[in-house]
Amino acid sequence: MEKMAVLSDENRYKILKLLDANPNMNQRQLAEELGISLGKVNYCLKALIDRGWIKANNFRRSSNKKAYAYLLTPKGIEEKARVTLRFLKRKQNEYTALLKELEELRQEAAQLAIAEEEE
């Protein structure tokens, strides 16, 4: 459970989304796409595997013995749905707060413009 505390909802969402779309992504590609270190990607993948949300299959017949496919398990698909909803809600709240802040700034700018005109 300790590993999951380090794995934020945002990273969990992005990793599950990327792997769902492209299970053959390697850890280096994930790190580049997420903008995090290769070590952190490895740590996150291990946490997701430990939770049973993804499984790593290596290709025994492949010439590249390090090649893996990271597949979402049924539990992983459920978690992706839950984390997607949490991520969406958080982003909607951030958007609403940003709209409010922009409106306040517009009002402040309008008041400053009126004050400058009166001078």
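All of the numbers you see were taken from the coordinates with simple rules; none came from a lab. Keep in mind it's a predicted model, so treat the numbers as computed, not measured. In this analysis, Cβ positions are derived from the backbone assuming ideal geometry, glycine residues included, and neighbour counts consider all displayed protein chains.
The figures follow:
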{"quantity": "Taking the chain and dividing mean pair separation by its residue count, relative contact order in percent (alpha carbons under 8 Å, at least six apart)", "calculated": "25"}
{"quantity": "Dipole of the chain [Lys/Arg +1, Asp/Glu -1 at C-beta], most positive-end residue of Leu112, Asn93, Gly39", "calculated": "Gly39"}
{"quantity": "Cβ-derived FRET efficiency at R0 35 Å, Arg82 paired with Glu103, nearest 0.05", "calculated": "0.60"}
{"quantity": "Long-range HN-HN contacts of Thr73 with modeled amide H, under 5 Å", "calculated": "Ile54, Lys55"}
{"quantity": "Set of aspartates and glutamates near Lys100 by C-alpha distance (under 20 Å), chain-local residues within fewer than 8 positions excluded", "calculated": "Glu108"}
{"quantity": "Nearest 10 degrees, 0 to 90: helix 9-21 Cα axis against the chain principal axis", "calculated": "50"}
{"quantity": "Helix 38-51 axis, angle to the chain major axis (alpha carbon atoms, nearest 10°)", "calculated": "70"}
{"quantity": "Net charge dipole size for the chain [Lys, Arg +1 and Asp, Glu -1 on Cβ; Debye, nearest 20]", "calculated": "1880"}
